[in-house]
1. Determine whether region 114-124 contains at least one residue that is closer than 15 Å to Met12 by Cβ and either open to solvent by 80 Å² or more (accessible area, probe 1.4 Å) or in a loop (DSSP other than H, G, I, E, B) (or both).
2. If I filter region 126-159 down to residues being open to solvent by less than 100 Å² (accessible area, probe 1.4 Å) and closer than 26 Å to Gln22 by Cα, which single residue comes out as modelled with the highest pLDDT?
3. Working only within region 2-43, note down all residues that are farther than 16 Å from Ala103 by Cα and not in a helix (DSSP H, G or I).
4. Of the residues that make up region 243-251, is at least one outside any strand (DSSP E or B) and not β-branched (Val, Ile, Thr)?
5. Just need a number here: residues in region 151-210 that are over 25 Å from His264 (Cβ atoms) and hydroxyl-bearing (Ser, Thr, Tyr).
6. Among the residues of region 1-49, which ones are among the polar types (S, T, N, Q), surrounded by fewer than 15 Cβ atoms within 10 Å (Cβ to Cβ) and touching a helix residue (DSSP H, G or I) at 6+ places or on another chain (Cβ under 7 Å)?
7. In region 279-316, how many residues are open to solvent by 60 Å² or more (accessible area, probe 1.4 Å) and over 24 Å from the mean Cα position of the chain (by Cα)?
8. Quick one: in region 56-84, of everything that is of a type in the set (Gly, Ala, Ser) and modelled with pLDDT under 85, which residue is farthest from Leu98 (Cα to Cα)?
Amino acid sequence: FLVAALVCMTTMNRMVEEQRTQIGVLKALGYSDGQIMGRYLFYAGSAATLGAVLGYALCCYGLPWIIWQIYGIMYGFAELKFVFSPGLAAVSYGAALLCSMGATYLSCRAELKRQAAELIRPKAPRAGQRIFLEYIPALWRRLGFLRKVSVRNVFRYRSRLVMMVLGIGGCTALLLTGFGIRDSIKSVVDEQYEDIILYDYGIAFSAPQTPETAGAYLAEQGWPEGDALLAHAGSTDIIAPEGTKSVYLTVSSTDTLEGCLSLHSGAEAIPDPGPGEVVVSAGLAQSLELQLGTEVQLRSTELGTVTVSVSGVCDNYIQNFVFVSPQTYREQLGTEPDYQMLYLRSDGDGDPY
C-alpha cells in the first residue's frame, strides 16, 4: 500500500509541475484559482475512484474466488458466499482519495501562489552546488560526464531522491517477499503427496470393514491386496501440558503403515507406534511443545480418554495427525476399531477407479 501511495503522490506531483505553463495560461485568461485547482482535483479524484472500485471488486470478489477454486482441488468446501464490507470500502476509498487528491492539492496550491507571468515562463533550474564527491578528486576525475550529471541531480533534487529510494526499495522488498514465499512452499505439495502420503485413493465405507471383507472388495474390483491398507480414520482431542488441540487420528489394521504412509523426519525413518505410544506430526509437536517421551492424553467420544507417550515426530505439512497402533486402541476399548477407510496405491495402469 505504501508503494502504491508513493507512486500516486509522485505521479500527481510531477503532472502538476509539467503543466505549470498551462496553469499560468489559464490564470492569465481569468480563471480563478479554485476553477484551475478543481480541474486537477477532478482528474485525481476520478482516477482514485476508478482504482478503488476496480481494486475492491477484484480483491473482494475475484481473488477470493480464485483462491477458493485452488483450495477446492484438495478440500471439499461449501459454496463461496461473498460479503460486502461498507466500512472497509470507505476506508480504502478514503485512503486512495487522500493520496492522490492530497498530493494534487498541495502541488496546485504551491503553483497558484505565483503570478501568471511567472508561471508562463519556464521554471528556473535550481541552483547547483558542489557535492561531497567533488572533494575527492581521485574518484571524481574517474567519473564520466553523464555520471557526474546524474550524481549532481540526485543531490540537487532531494525529494525525488527520497521517493526514488523508497519506491525502488519497496518494490524490491515486495519482489523478494514473493520469491521467498514461493521458495518456501513450492516443494511442500510435492513432498506431502509423494514422500509422506503414498496412497492414491481413499475409499470411505458406510459400515465398518474387516480385512476379509476389504480383501473381497478389492478382489471384486481387480485390485491387488498388497497395495491397500485398511485403517480407522477419525478425530480426537490431544491434551498436553501446553494446551489442547483437535487432530486427525489414524489407526492401521496392521502393525505398520508402510506402503501407504511414510513416517519420517527429514531423511530419518520413524518406527510405527507401539502399544501405549503415539506418533505426532511436526506442526502439532511444535505448537504444543511435545518431545519424545512426553505423555499426552487422547480424548474422544468413541475412544474415551487414553494416556500415551510420544514415540516419534514425523514430517507433515497439511493438518495435524496422530498415529496410534491397533493394540493401543484395542486395549483401551477391548474391541477392534471401526475400520472404514481403505487406502489404495496405484501404478497408473488399468486402475478400476
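1. no
2. This residue is Asn153.
3. Matches in region 2-43: Leu29, Gly30, Tyr31, Ser32.
4. For region 243-251, residues outside any strand (DSSP E or B) and not β-branched (Val, Ile, Thr): absent.
5. Residues flagged as over 25 Å from His264 (Cβ atoms) and hydroxyl-bearing (Ser, Thr, Tyr) within region 151-210 amount to 6.
6. Once the filter is applied, which keeps residues that are among the polar types (S, T, N, Q), surrounded by fewer than 15 Cβ atoms within 10 Å (Cβ to Cβ) and touching a helix residue (DSSP H, G or I) at 6+ places or on another chain (Cβ under 7 Å), region 1-49 yields only Thr21.
7. Summing the residues that are open to solvent by 60 Å² or more (accessible area, probe 1.4 Å) and over 24 Å from the mean Cα position of the chain (by Cα) in region 279-316 gives 10.
8. Selected residue: Gly76.
The values are calculated or read from the model by the stated rules, or taken from the named source; none is laboratory data. Nothing here was measured: the structure is a model prediction, and the numbers come from that model. Virtual Cβ from ideal backbone geometry, glycine too; neighbours counted across all protein chains shown. Keep in mind that these areas ignore ligands, DNA and RNA; they rest on the heavy atoms of the full protein, side chains included. Shrake-Rupley method; radii C 1.70, N 1.55, O 1.52, S 1.80 Å.
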